[in-house]
Amino acid sequence: MTDLSTDPYKGVRDFYPTDWARMQAMFTRMRATLAQWGYEEYAASPLERAELYEAKTSEEIVSEQTYTFTDRGDRRVTLRPEMTPTLARMIAGKRREMPLPARWFSIPNVFRYERPQKGRLREHYQLNVDLVGAGSAEADLEVITVATDLLKSFGAKESDFVVRVNSRALLTAACTAAELNAEASRAYLHLLDKKNKMPAEEFAAAQAAITAKDPLALIEDAGTSPDVAREKKALLDTIEALARRGVGNAVFDPTLTRGFDYYTGIVFEIFDTNPENPRALFGGGRFDRLVALFGGDPIPAVGFGMGDVTLADFLLTHGLTVADTDGRPELYLGTPSPEDIPGAQAFAATLRAQGSRVFVNLTEKNLGDQIKDAVKRGIPLFLAYGANEVASQTVRMKVLATGEEVGLPVSELPLRLRTGS
Ligand code: HAM
């Protein structure tokens with residue numbers, strides 16, 4: 001028998017403690033920014049009824065990218081490929097008792113059966129930020145501003161990224177002006193979604209098969225249809241309002257469609273300006289009819305998702321780092337002999353009770369090797385705690401980065417650790 005593989009399943013990642021600490025540092029930064037905006041965190045199971053996605057999402061995702069199976073009770077189950085249908089389900093479930101508008105966020109892991117490549121995996125963590133119960137342009141402005149604030153909270157400058165904005169309402173008006181029925185409009189939007197990934201001639205041929213009039217030309221020259229003109233003006237007004245509120249890097253992109261069928265109004269994506277990262281960092285938009293799929297009147301909503309993979313690539317490309325030391329041990333308690341371990345554990349307990357993060361040696365290594373072990377683990381402070389220290393109630397604390405040592409009474413240690421000196 002061959003040994004079992006230690007590799008994770010294709011396209012998913014293991015997070016060893018330092019990797020997970022880095023992820024958590026990103027999440028901590030996101031949570032802090034969202035708390036400032038009054039967004040509350042929610043969560044849900046990754047398992048959903050398959051029908052949730054079949055109702056109204058994206059054909060490509062449902063038919064090609066979901067992990068769907070039949071459970072032992074013959075129910076079809078899908079591992080969530082995105083969070084928006086779950087959000088809509090949860091809001092709809094408590095629509096009567098919930099104060100609206102609701103500002104919610106979540107950082108779920110989501111699963112898509114995609115070809116793994118740079119910026120694309122089969123499981124990623126996706127920050128979802130949604131503002132539910134407000135249908136105004138003000139809500140659109142808030143959500144896009146939050147998205148840009150998140151990147152700025154990581155130290156990004158406006159020149160590092162661009163917000164591409166379009167409107168489903170505008171695209172729909174253009175399709176109507178081009179005399180496309182609902183089905184042809186859908187086909188056209190699906191084609192447009194792929195425009196940048198295909199040769200121009202191929203796009204032109206496919207477009208000619210759907211429509212005689214070019215909807216994009218009708219958007220360009222909005223004079224021919226009052227509906228197109230109205231929607232285009234609303235969108236350009238939003239972009240101007242964004243600039244007035246400090247989002248100066250939003251641009252109108254009439255080819256942006258977004259892959260999901262549930263969008264009804266503004267849609268947007270944020271891209272790195274560095275061509276090394278060609279994939280969208282964020283994607284979102286307004287989805288005013290999704291909640292009503294669960295019954296009742298429509299509840300308008302707007303939001304976005306941001307993936308951890310593309311965010312990490314972005315931060316790396318721009319030399320932005322997030323400190324990941326939070327939560328790691330700050331002090332290594334060495335033990336001169338194994339008999340000292342119970343005493344060291346008791347001492348560690350008193351330090352922990354005062355808020356310190358303490359690692360206690362459990363090995364029979366000598367103190368020199370324990371110091372090496374502390375360095376290897378990246379724990380910044382070391383002290384030996386044995387019979388001498390118990391008797392004298394003083395310790396010698398070593399700062400491993402500099403090799404400097406300080407003697408101090410045990411009673412002063414918690415304060416020293418708190419002030420980090
Ligand atoms: P989405 O554009 O499919 O939108 O995904 C949002 C972001 O998730 C993308 O911009 C990208 O950063 C990341 N992402 C997507 N797929 C992958 C993948 N296979 N590997 C790594 N990262 C990925 C949605 O999912 C919408 N539900 C967002 C939303 C929330 N709309 C309204 N509210």
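Somewhere in the stretch 221-228, is a residue within 16 Å of the ligand (Cβ to nearest atom) and farther than 26 Å from MET83 by Cα?
Taking the stretch 221-228 and keeping what is within 16 Å of the ligand (Cβ to nearest atom), we get none.
Scanning the stretch 221-228, I find no residue that is within 16 Å of the ligand (Cβ to nearest atom) and farther than 26 Å from MET83 by Cα, so the answer is no.
Among the residues of the stretch 269-295, which ones are near the ligand (Cβ under 7 Å from one of its atoms) and not in a loop (DSSP other than H, G, I, E, B)? Even if it seems obvious, please write down each step before you answer.
Just the residues of the stretch 269-295 that are near the ligand (Cβ under 7 Å from one of its atoms), to begin with: 269, 279-285, 287.
Passing the criteria: GLU269, PHE282, GLY283, GLY284, GLY285.
Can you pull out the residues in the stretch 138-165 that are part of a loop (DSSP other than H, G, I, E, B) and out of contact with any His (no Cβ under 7 Å at 6 or more places or on another chain)? Don't jump to the end; show me each part of the working.
The initial filter retains those residues of the stretch 138-165 that are part of a loop (DSSP other than H, G, I, E, B), namely 154-157.
Hits for the stretch 138-165 are PHE154, GLY155, LYS157.
Kindly establish whether THR78 is more than 15 Å from the ligand (Cβ to nearest atom) and over 17 Å from ASP288 (Cα atoms).
When the stated conditions are applied, THR78 does not pass them.
Filter the stretch 331-356 down to residues that are modelled with pLDDT of 95 or more and part of a loop (DSSP other than H, G, I, E, B), then give me how many there are.
So the count comes out to 3.
Pick from GLY155, GLY133: which is surrounded by fewer than 20 Cβ atoms within 10 Å (Cβ to Cβ) and within 15 Å of the ligand (Cβ to nearest atom)? Break it down into steps so the answer makes sense when it comes.
On the way: GLY155 fails: within 15 Å of the ligand (Cβ to nearest atom).
None of the other options fit; the residue is GLY133.
Which condition breaks for VAL251 when tested against (1) under 23 Å from the mean Cα position of the chain (by Cα); (2) away from the ligand (no atom under 16 Å from the Cβ); (3) crowded, with 17+ Cβ neighbours inside 10 Å; (4) of a type in the set (Val, Ile, Thr)?
Against the list (1) under 23 Å from the mean Cα position of the chain (by Cα); (2) away from the ligand (no atom under 16 Å from the Cβ); (3) crowded, with 17+ Cβ neighbours inside 10 Å; (4) of a type in the set (Val, Ile, Thr), VAL251 comes up short only on (3).
Yes/no per residue for (1) within 11 Å of the ligand (Cβ to nearest atom); (2) in a loop (DSSP other than H, G, I, E, B):
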residue	(1), (2)
PHE260	yes, yes
ASP313	yes, no
LEU316	no, no
VAL322	no, yes
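Could you pull out the residue among THR211, THR238 that is of a type in the set (Ser, Thr, Tyr) and out of contact with any Leu (no Cβ under 6 Å at 6 or more places or on another chain)? Steps first, please.
Details: THR211 fails: out of contact with any Leu (no Cβ under 6 Å at 6 or more places or on another chain).
Being of a type in the set (Ser, Thr, Tyr) and out of contact with any Leu (no Cβ under 6 Å at 6 or more places or on another chain) holds for just one of THR211, THR238, which is THR238.
Among (1) at pLDDT 95 or above; (2) surrounded by fewer than 19 Cβ atoms within 10 Å (Cβ to Cβ); (3) assigned to a loop (DSSP other than H, G, I, E, B); (4) assigned by TED's automatic domain parsing to the domain that holds ASP140, there is one condition ILE299 misses while meeting the rest; what is its number?
(2)
One residue is enough: does the stretch 166-173 have a residue meeting the conditions assigned by TED's automatic domain parsing to the domain that holds ALA92, touching a residue at least 12 places away in the same chain (Cβ under 8 Å) and not in a helix (DSSP H, G or I)? Steps first, answer last, please.
Residues of the stretch 166-173 that are assigned by TED's automatic domain parsing to the domain that holds ALA92, as a first pass: 166-173.
Okay, now just the ones that are also touching a residue at least 12 places away in the same chain (Cβ under 8 Å), so 166-173.
Still in the list and also not in a helix (DSSP H, G or I): 166-167.
Within the stretch 166-173, one or more residues are assigned by TED's automatic domain parsing to the domain that holds ALA92, touching a residue at least 12 places away in the same chain (Cβ under 8 Å) and not in a helix (DSSP H, G or I).
Restricting to the stretch 81-99, what's the tally of residues that are hydrophobic (A, V, I, L, M, F, W, C) and either more than 16 Å from the ligand (Cβ to nearest atom) or at pLDDT below 95 (or both)?
Counting residues in the stretch 81-99 that are hydrophobic (A, V, I, L, M, F, W, C) and either more than 16 Å from the ligand (Cβ to nearest atom) or at pLDDT below 95 (or both) gives 1.
Please pick out the residue among TYR42, TYR53 that is surrounded by fewer than 19 Cβ atoms within 10 Å (Cβ to Cβ) and within 15 Å of the ligand (Cβ to nearest atom).
Selected residue: TYR42, the only one of TYR42, TYR53 that is surrounded by fewer than 19 Cβ atoms within 10 Å (Cβ to Cβ) and within 15 Å of the ligand (Cβ to nearest atom).
A quick yes/no check of all residues on (1) of a type outside the set (D, E, K, R); (2) assigned by TED's automatic domain parsing to the domain that holds GLY305; (3) within 30 Å of LEU191 (Cα to Cα):
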position	(1), (2), (3)
THR68	yes, yes, yes
LEU87	yes, yes, yes
ALA92	yes, yes, no
ARG95	no, yes, no
PRO99	yes, yes, no
PHE111	yes, yes, yes
LEU121	yes, yes, yes
GLY133	yes, yes, no
ALA139	yes, yes, yes
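The values are calculated or read from the model by the stated rules, or taken from the named source; none is laboratory data. From a predicted model like this one, the values you see are computed outputs, not experimental measurements. Counting neighbours? That spans all protein chains shown, and the Cβs are built from the backbone with ideal geometry, glycine included.
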